[in-house]
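Just below is one structure, and these are the notes that go with it.
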Amino acid sequence: MKVSPKTALLSVSDKKGLVPFARFLESQKIKLIATGGTEKILKEAGIKVSSVSSLTGFPEIFGGRVKSIHPNILGGILGQRDKDEKEAQQNKVVWIDMVVCNLYPFQAVARDPKSTLSEKIENIDIGGPTMIRAAAKNNKWVTVVINPKDYQGVQSKIKCGGLDSGARLSLATKAFGYCAEYDGAIFETLETKKTFLRYGENPHQGAFVVKKDNHSIGLPQATQLQGKKLSYNNFLDGEAALLCLGEFKDSSCVIVKHNSPCGIGSGKTIKQAFSNALSVDPLSAFGGIVAMNKKCDLITAKEINKVFFEIIIAPSFDVAALELFSKKKNLRILQLKKFVSSPAFVRSISGGEIGQDTDSSKLLVSKLKNPTNKKPTAKQLESLELAWKAVKHAKSNAIVVAHNNKIISISGGQTSRVEAVKYALTKNALPGGAVVASDAFFPFRDSIDLMSKYGISCIVQPGGSIKDGEVVAACNEHEISMVFTSFRVFKH
């Protein structure tokens, strides 16, 4: 059933295309009713329009806060034409067949770092969402238009006799989504605490962090004891360090640069853990972020102080350690007593959002498959397990080399698997009998041939390539043991 409107209510914050659209509606003999600012613009354009007050018999009050919430307005929108005609006549309710409405610009105001809470709240639309939802609900008879980009299409349909039920439902669905997004923006703004950062990924980009009051405990909840304001990159790198650190229970340290670990170490003391982490790649560590899972004491602070770092994160600090760090005024010191990773990660992309569960996978030695002639020793398995924990947090393509339960080399962010292997093997001097972890399968045997030249004794990888047979044969040729995890740990 096509419906051609006879009466349209216009109340828009976004005035783009309003006058031409209203002029078209007027040319189709459609009676126009409008609220305050919309009415004023239409009258100035010479378009015949009635005020909402002419229907309600009541003036707009409280500075325009109350104008459209009235039985004569909502009744005119919501009434069912096949059931409520008699009641509408008794109460002098005029049917409203079209609602053209969009809302106060709350999102734009909320994004403005200079806007106050009072200004944000004042830009929460009340009457607009009520009219839009009413029209969308009653789309059997009413057309709702919330986007100026739809004006042209609506005009074309009216010229062809009106809007059919499919078109009205489509516009109604869009309207409900619009209101949901609007309400979500209000909730997110008022429920969370937004702090503007020094800058984004680059100094010319603005950035902010939202502190949420939920079960996630991370960098937004950390106490900054000293140093410059944090930047966008600081939060990303800090999160990467803490996620990796969460794999370890013993005294451990993770150093992150450009969102990927460049050093991971454990030890009997936190100083030893830091030294082991730094030794993996002292060059890349420069300007990075250090995260520790135990108290930072003075002896560790002295070692840390020998290198330039952006941030030090620990559950607590000795007073003497803080005194030493205080000599570097720009060094950020963050105290985070507990870290709980979020169960899921959500990212905004153009046109929507994508999300995934946090990677909580664990390598279980008992579940490993051993396709090669040679089997790994118990000591090699310990190093393989450590290397797997590290490769899980390095950017793909990732390769990690370990020996005697210590990380020797980390290669992450390479676009080629064999290049990732080459970089990991040549980065540091390798002891004989080292082991290798790969975050995904080896597509060709070339990586195995290369590893044999550097004395690699054992490999852990997901397996699952159509070339697994060739890779296993290469391991057997070079007398290298290899195990399959049957799952990969890509990180992008």
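All of (1) free of Cβ contacts under 8 Å to residues at least 60 places away in the same chain; (2) surrounded by fewer than 18 Cβ atoms within 10 Å (Cβ to Cβ) hold for Val436 with one exception: (2).
Applying the condition of being at pLDDT 95 or above and among the basic types (Lys, Arg) to the stretch 117-139 and asking which residue is farthest from Ala175 (Cα to Cα) yields Lys137. Only one entry in Ile466, Ile480 is crowded, with 16+ Cβ neighbours inside 10 Å, β-branched (Val, Ile, Thr) and modelled with pLDDT of 95 or more, namely Ile480. For the stretch 34-68: of the residues being charged (D, E, K, R) and in contact (Cβ under 8 Å) with a residue 60 or more places away in the chain, which is surrounded by the most Cβ atoms within 10 Å (Cβ to Cβ)? The selected residue is Lys67.
Please verify whether Val210 is β-branched (Val, Ile, Thr), in contact (Cβ under 8 Å) with a residue 12 or more places away in the chain and more than 21 Å from Pro343 (Cα to Cα), treating the condition exactly as stated. Break it down into steps so the answer makes sense when it comes.
On the way: β-branched (Val, Ile, Thr): yes; in contact (Cβ under 8 Å) with a residue 12 or more places away in the chain: yes; more than 21 Å from Pro343 (Cα to Cα): no.
No: the conditions fail for Val210.
All of Lys295, Lys306 fail the test of being charged (D, E, K, R), over 16 Å from Gln226 (Cα atoms) and loosely packed, with under 14 Cβ neighbours inside 10 Å, apart from Lys306. Just one of the numbered conditions (1) surrounded by fewer than 20 Cβ atoms within 10 Å (Cβ to Cβ); (2) assigned to a helix (DSSP H, G or I); (3) modelled with pLDDT under 95 is not true of Gly206: (2). Please determine whether any residue of the stretch 319-331 is under 21 Å from Asn259 (Cβ atoms), part of a strand (DSSP E or B) and not polar (S, T, N, Q). Within the stretch 319-331, none of the residues are under 21 Å from Asn259 (Cβ atoms), part of a strand (DSSP E or B) and not polar (S, T, N, Q).
For beta carbons closer than 8 Å, sequence separation of 6+ or different chains, a first residue in the stretch 449-476 that is under 16 Å from Phe487 (Cα atoms) and a second that is assigned to a loop (DSSP other than H, G, I, E, B) and of a type in the set (Gly, Ala, Ser), the qualifying pairs are Gln461/Ala440; Pro462/Ala440; Pro462/Ser486; Gly463/Ser486; Gly464/Ser486. Specify the residue that is surrounded by the fewest Cβ atoms within 10 Å (Cβ to Cβ); the eligible residues are those in the stretch 400-418 that are farther than 13 Å from Gly263 by Cα and out of contact with any Asp or Glu (no Cβ under 7 Å at 6 or more places or on another chain). Only one residue fits best here, namely Thr415. For the stretch 135-155, the criterion of being among the β-branched types (Val, Ile, Thr), crowded, with 18+ Cβ neighbours inside 10 Å and assigned to a loop (DSSP other than H, G, I, E, B) is met by at least one residue. Kindly indicate which of Ala291, Ala240 is in the same structural domain as Ser326 (by TED's automatic domain parsing), out of contact with any helix residue (DSSP H, G or I) (no Cβ under 8 Å at 6 or more places or on another chain) and under 22 Å from Asp359 (Cα atoms). Just one listed residue meets the conditions, Ala240.
Asp82 meets all of the listed conditions (1) loosely packed, with under 12 Cβ neighbours inside 10 Å; (2) closer than 25 Å to Thr38 by Cα but one, namely (2). Please work out which residue is nearest to the chain's Cα centre (by Cα), limiting yourself to the stretch 336-386 and to residues that are among the hydrophobic types (A, V, I, L, M, F, W, C) and assigned to a strand (DSSP E or B). Step by step, filter the stretch 336-386, then rank; the result is Val346.
Counting only residues that are touching a strand residue (DSSP E or B) at 6+ places or on another chain (Cβ under 7 Å), over 14 Å from Val12 (Cα atoms) and assigned to a loop (DSSP other than H, G, I, E, B), the stretch 30-46 holds 1 of them. Regarding the stretch 55-70, can at least one residue be identified that is part of a helix (DSSP H, G or I) and of a type outside the set (A, V, I, L, M, F, W, C)? Yes, the stretch 55-70 contains a residue that is part of a helix (DSSP H, G or I) and of a type outside the set (A, V, I, L, M, F, W, C). Of all residues in the stretch 387-436, those satisfying the criterion of being among the small types (Gly, Ala, Ser) and part of a helix (DSSP H, G or I) are Ala387, Ala390, Ala420, Ala424. Considering the stretch 357-392, and only residues there that are farther than 23 Å from Ile407 by Cβ and out of contact with any strand residue (DSSP E or B) (no Cβ under 6 Å at 6 or more places or on another chain), the residue that is modelled with the lowest pLDDT turns out to be Ser366.
Residues checked against (1) buried (at least 19 other Cβ atoms within 10 Å of the Cβ); (2) touching a residue at least 60 places away in the same chain (Cβ under 8 Å):
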| residue | (1), (2) |
| --- | --- |
| Val99 | yes, yes |
| Thr116 | no, no |
| Glu122 | no, no |
| Ile126 | no, yes |
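Would you check which residues across the stretch 245-292 are surrounded by fewer than 20 Cβ atoms within 10 Å (Cβ to Cβ), of a type in the set (S, T, N, Q) and in a loop (DSSP other than H, G, I, E, B) and list them? If the condition is that a residue be surrounded by fewer than 20 Cβ atoms within 10 Å (Cβ to Cβ), of a type in the set (S, T, N, Q) and in a loop (DSSP other than H, G, I, E, B), then Asn259, Thr269 are the ones that fit.
Let's see how each residue does on (1) among the charged types (D, E, K, R); (2) free of Cβ contacts under 8 Å to residues at least 12 places away in the same chain; (3) over 17 Å from Leu243 (Cα atoms):
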| site | (1), (2), (3) |
| --- | --- |
| Leu384 | no, no, yes |
| Trp388 | no, no, no |
| Ile399 | no, no, yes |
| Val421 | no, no, yes |
| Lys427 | yes, no, yes |
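Among residues of the stretch 293-305 being in a helix (DSSP H, G or I) and of a type outside the set (Ser, Thr, Tyr), the one that is nearest to Leu236 (Cα to Cα) is Ile304. Among the residues that make up the stretch 164-186, is at least one of them surrounded by 15 or more Cβ atoms within 10 Å (Cβ to Cβ) and outside any helix (DSSP H, G or I)? No, the conditions are met nowhere in the stretch 164-186.
The values are calculated or read from the model by the stated rules, or taken from the named source; none is laboratory data. Remember, predicted model here, so these are calculated numbers, not experimental data. A quick note on method: Cβ atoms are made from the backbone with ideal geometry, for glycine too, and the neighbour counts reach across all protein chains shown.
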